[in-house]
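Read through the structure below, which is laid out as structure tokens, and then see the notes.
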Amino acid sequence: MKKLSLILAAGAMAAPIAAHAQSDECGDVSITEMNWASAQVVTSVATFIMEQGYGCDVSVVQSDTVPAVTSVAENGEPDIVTELWLNSTGDAYTKLKEDGKVVEAGPVLDPGGVEGWWIPTYLAEEHPELKTIDGILENPELVGARFYNCPEGWGCRVVSDNLSRALDLEGHGIEVFNAGSGQVLASSMADAVMEEEPWFGYYWGPTVPLGKYDMTKVDLGEIDEEVHARNQNQDADNPGVSDFPAAPILTAVTSTFQEENPAVFELMQNMTFKTEDMSSVLAWMDENTASADEAAVYYLTNYQDQWSEWLSDEARENLASVLEEG
């Protein structure tokens with residue numbers, strides 16, 4: 001898609017291909033760009049589609065979860081807040097919804113933020129019993145008798161610590177290794193996979209490692225929301241066993257924007273990336289030292305069957321030349 005690459009490489013994604021069809025309906029749109037890679041890719045993809053397909057004049061607002069929610073509460077902007085992790089907003093987002101200031105468009109990642117305990121797929125294929133936590137507890141030597149835990153201060157550290165206690169990992173001969181940093185945790189996985197050695201530990205997605213390496217999620221049993229909530233308390237005296245539920249990650253728009261831009265709101269409702277696909281895009285981005293705009297081109301080029309379904313008929317017509325080149 002040379003044309004698409006040139007448009008995005010221009011920087012501001014200006015000069016829409018065929019924006020005349022909807023320019024009067026859309027107008028100015030402001031959208032957040034959170035300060036992590038997957039959110040930046042989401043914003044780049046959304047901006048391209050809004051400008052080139054819907055004729056919007058898009059301004060990107062650098063932000064983070066709490067400042068974005070605060071800005072909507074106090075100023076009624078930006079219009080679109082995307083990759084909003086509900087487990088990081090506290091009660092602020094709920095109050096915005098109750099006050100009628102925002103409308104939930106839908107999930108931006110499906111099934112959301114994925115957390116869990118993982119082993120390399122080559123290990124799972126060689127020893128299928130390791131796909132469950134019971135199989136690991138019965139065969140600790142097959143995972144190297146070590147569990148790679150989250151760094152101190154991370155929320156996942158508290159949950160994994162409580163799970164480790166509830167499952168008695170150490171009593172089953174599995175050392176709990178507390179990674180000193182996120183880089184140490186990622187490197188431990190990378191080093192093991194490169195050498196096709198055992199590895200067992202916590203990780204989450206969408207992330208580069210889960211896009212780069214073929215990993216299998218260990219079945220910890222049923223998800224029990226009450227137990228999982230209890231395990232998030234570092235002082236819990238009765239930790240239990242529950243698998244990690246997916247974290248809801250969504251796009252929200254201001255109520256005013258929904259009323260004034262129904263076509264773009266429908267786009268935001270449809271704009272859902274698969275979490276595993278986003279991990280793959282992030283892995284490509286890392287391997288190629290690419291920018292978010294370049295990663296957006298990669299996504300738009302390689303996942304056209306998905307994003308083309310998000311479009312209205314008019315937007316699809318406006319983007320026809322790009323779609324044909326794909």
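Note on TYR298, TYR54: ascending count of other Cβ atoms within 10 Å places them as TYR298, TYR54, the fewest first. With the chain treated as a Gaussian network of Cα nodes joined by springs under 10 Å, which of SER187, SER38, SER280 yields the largest mean-square fluctuation? For the chain, modelled as a Gaussian network with Cα springs under 10 Å, the answer is SER187.
Gyration tensor analysis over the Cα atoms of the range 33-146 returns equivalent ellipsoid semi-axes of 41, 18, 11 Å (largest first, whole Å). Using only Cα positions of the chain, each an equal point scatterer, no hydration layer, compute I(q)/I(0) via Debye at q = 0.13, 0.14 Å⁻¹ and quote the log10 values to two decimals. Listed by q, the Debye log ratios stand at -0.98, -1.08. Among the listed pairs LYS97/LYS274; LYS97/LYS131; LYS95/LYS274; LYS97/LYS212; LYS95/LYS212, a Cα-Cα separation exceeding 30 Å is found for LYS97/LYS131; LYS97/LYS212; LYS95/LYS212. When Rg and the Kirkwood radius Rh are both evaluated on Cα atoms of the range 229-282, their ratio Rg/Rh stands at 1.22. Each residue of the range 117-231 gets 97 Å³ once the volume of the Cα convex hull is shared out per residue. Would you be so kind as to identify which of HIS228, ALA320, CYS156 lies farthest towards the positive end of the dipole of the chain, taking Lys and Arg as +1 and Asp and Glu as -1 on Cβ and the Cα centre as origin? It is ALA320, whose Cα lies furthest towards the positive end.
Taking Cα atoms, how many degrees apart are the long axis of helix 65-75 and the longest axis of the chain, rounded to 10 and kept between 0 and 90? Tilt relative to the chain: about 40 degrees.
Sort CYS156, CYS150 by Cβ crowding within 10 Å, fewest neighbours at the top.
In increasing order of surrounding Cβ atoms, one gets CYS156, CYS150.
The gain in end-to-end length when the THR121 to ASP168 segment is fully stretched comes to 14.5 nm, 0.36 nm per residue minus the alpha carbon separation.
Rounded to the nearest 10 degrees, the angle from helix 292-302 to the longest Cα principal axis of the chain is 90 degrees.
Using only the alpha-carbon atoms, how far is helix 182-194 inclined from the longest principal axis of the chain? Give it as 0 to 90 degrees, nearest 10. Approximately 70 degrees, to the nearest ten.
What does the charge dipole of the chain about its Cα centre add up to, to the nearest 20 debye, if the Cβ of each Lys and Arg holds +1 and the Cβ of each Asp and Glu holds -1?
Details: 14 positive and 57 negative charges, 98 e Å.
Taking the Cα centre of the chain as origin, the dipole is about 460 debye.
Taking a Cβ cut-off of under 9 Å around ASP219, the surrounding Lys, Arg, Asp and Glu residues balance to a net charge of 0, with basic ones at +1 and acidic ones at -1. Counted residue by residue at 0.36 nm each, then reduced by the alpha carbon distance between them, the extension gain from GLU266 to GLN62 reaches 71.1 nm.
Read-outs: derived from the displayed coordinates by stated rules, not from any lab. Fair warning: this is a prediction, and the values are worked out from it, not measured in the lab. Here the Cβ is made from the backbone with ideal geometry for all residues, glycine too, and neighbour counts use every protein chain on show.
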